[in-house]
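Trainee: Below is the structure I would like to discuss, written out as structure tokens.
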């Protein structure tokens, strides 16, 4: 395996890690918000979940900007948020 092939595989696994972590995180946040007092629509429930995921992704990357061995990336925020949105879509399809 060449160094380039190794680097591509390594990058792919790291990015899938971002996506899958936030996929699971969104499911857990969605489940936690389900027990929130008061009644509100499924759309609002999903919106609250998406906002929490997005804000957490931003805060995670902001934290990484202050760690010397890490770098912050807008692309990672988008990938993390995409993982959360995919989870919300999956939850919507699962219920049907």
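Trainee: Based only on the alpha carbon positions, what is the Kirkwood hydrodynamic radius of the chain, in angstrom?
Mentor: 14.7
Trainee: Just subtract the alpha-carbon distance of residue 86 and residue 32 from 0.36 nm times their residue separation and send over the number in nm, one decimal.
Mentor: 17.7 nm
Trainee: Under the 0.36 nm per residue contour assumption, what length would be gained going from the current alpha-carbon distance of residue 41 and residue 55 to full extension?
Mentor: Length gained, residue 41 through residue 55: 2.9 nm.
Trainee: Report, to the nearest 10°, how far helix 3-34 tilts away from the longest principal axis of the Cα atoms in the chain, using its own Cα long axis and a range of 0 to 90°.
Mentor: The angle comes out near 20 degrees.
Trainee: Angle, helix 42-65 long axis vs. longest principal axis of the chain, Cα atoms, 0 to 90°, nearest 10?
Mentor: 30
Trainee: Taking R0 as 25 Å, what's the FRET efficiency between residue 6 and residue 73 from their Cβ-Cβ distance, rounded to 0.05?
Mentor: Rounded to the nearest 0.05, the efficiency is 0.75.
Trainee: Using only Cα atoms and rounding to the nearest 10 degrees, what angle (0 to 90) does helix 74-95 make with the longest principal axis of the chain?
Mentor: Between helix and principal axis, roughly 40 degrees.
The numbers here are math on the coordinates, done by the rules we state, and not lab data. Being a predicted model, the structure only gives us computed values, none of them experimental. Glycine gets a Cβ as well: all are built from the backbone with ideal geometry, and neighbour counts include every protein chain shown.
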